[in-house]
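Report on the structure given below.
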Amino acid sequence: MAPGFYIILMAQFLSALADNTLLFSAIALLKEIHAANWYTPVLQEFFVFSYIVLAPFVGAFSDALAKGRVMFISNNIKLLGCGMMLTGFSPLLAYAIVGIGAAAYSPAKYGILTEYLPSEKLVAANAWMEGTTVLAIVLGALFGGILLNPHFSVMFAQHLPWPIQGDTAKFSILVVGLLYVLAAALNLFIPVTAPDHDTPSRNPIDLVRDFWHSFKQLWLDPLGQVSLAVTTLFWGAGATLRLVILAWAVAVMHFSMQQATQLTALVAVGIAIGAVIAGEFIKLNNAIRVVSTGIMMGVVVMAMSWVTNPVLAAILLTLIGILGGFFVVPMNALLQHRGHLLMGAGHSIAVQNFNENLSILLLLGVYALLDRAGLSISFITLLFGAFISISMLSIRVHFRHINPDHHA
């Protein structure tokens with residue numbers, strides 16, 4: 001790989017690490033101000049809302065400037081959100097600002113690979129990118145747990161000025177801000193690349209029309225339809241599951257916030273294992289067969305509602321991740337393949353991001369309503385697992401109905 005690739009890789013890793021650590025820091029900040037439990041899923045809804053609203057426009061913005069410059073601007077928008085949290089703004093509003101930066105960052109970090117590297121190195125480059133992203137998820141949970149440990153943070157926070165002095169959550173947010181600063185600094189050293197294509201029109205109305213055309217095209221394609229349905233459900237369920245695990249670990253396992261935060265890392269580890277297994281045994285031409293694995297994943301999530309043993313909980317959470325990684329990676333590859341054939345990679349990624357984040361928004365909203373209604377976290381976990389299994393079963397039955405020659 002060219003030297004510039006490793007700068008891109010490190011910059012996106014630091015930014016992703018900050019993103020994943022910030023979620024737990026923001027949740028801790030909500031607890032410090034005694035916000036109701038249902039604020040936690042609403043917090044992440046404010047983040048993903050930007051992905052949905054900006055989906056038709058972030059691709060054009062990414063192509064209008066050098067990708068390294070876009071990544072630099074995006075990191076500074078995230079840094080602004082951190083600063084707002086530290087200075088007393090609503091955590092929900094501040095996290096929404098971070099979401100705007102993240103939405104703009106996503107197409108740039110993937111788009112620069114096609115501009116900077118030859119085509120024969122793209123598969124390896126994407127593997128590195130996805131690998132470091134999973135690593136950032138795992139380390140973000142572990143790092144967040146360490147920063148939120150009062151015995152650790154008080155050693156440093158007590159020497160800092162108000163409003164951070166002695167405040168565990170704000171100390172953690174300050175460290176996240178420093179990660180964004182480092183990522184932005186690395187962005188300045190990313191080689192300047194020429195866009196591989198330009199948007200024919202930058203008129204917002206034309207951009208929305210073009211996005212809507214791609215949206216319909218992908219949903220009307222039989223293979224694109226099932227792969228998009230599966231990945232949309234998976235990432236929506238995955239984002240919600242992370243918060244369900246946090247609440248479940250605190251309420252049922254009586255874990256501290258730091259321990260519960262680190263427990264979520266097991267799912268990410270499992271996803272990485274499942275992805276490796278899928279890459280070894282599943283080919284693109286039979287990727288559709290892994291849908292049944294999603295049904296099994298829902299059953300394991302349901303089983304979590306009866307678990308009270310920490311070791312068994314760790315095993316089941318890892319298994320949930322393995323099953324999830326095993327079925328979502330082939331589905332994601334199939335979706336990218338269909339998108340490339342039908343409309344081009346950029347348009348299909350925009351449609352995929354829109355659908356996945358809309359799913360996250362809806363499922364987090366349902367979780368917030370259930371929590372606000374006073375349902376126990378064990379019952380919510382049971383309902384959540386049943387929803388995953390029934391949804392995956394419905395997708396499989398529908399696909400078999402419209403494609404009787406295929407086996408899902």
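The values are calculated or read from the model by the stated rules, or taken from the named source; none is laboratory data. Every value quoted in this text rests on a predicted model; they were computed, and no experiment measured them. Cβ: placed from backbone, ideal geometry, glycine included. Neighbour counts: every protein chain shown.
Quick rundown of the values:
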| item | result |
| --- | --- |
| Meets criteria (part of a helix (DSSP H, G or I) and at pLDDT 85 or above) for Ile273 | no |
| Residue within region 189-196 that is in a helix (DSSP H, G or I) and at pLDDT 60 or above present | no |
| Single residue of Leu174, Leu178, Leu160, Leu207 found to be in a helix (DSSP H, G or I), farther than 29 Å from Pro118 by Cβ and modelled with pLDDT under 80 | Leu207 |
| Pairs with Cβ under 8 Å, 6+ apart, first in region 78-92 and farther than 26 Å from Ala11 by Cβ, second hydroxyl-bearing (Ser, Thr, Tyr) and surrounded by 17 or more Cβ atoms within 10 Å (Cβ to Cβ) | Leu92/Tyr39 |
| Filtered residues of region 85-113 (kept if under 14 Å from the mean Cα position of the chain (by Cα) and of a type in the set (Phe, Trp, Tyr)) | Tyr105 |
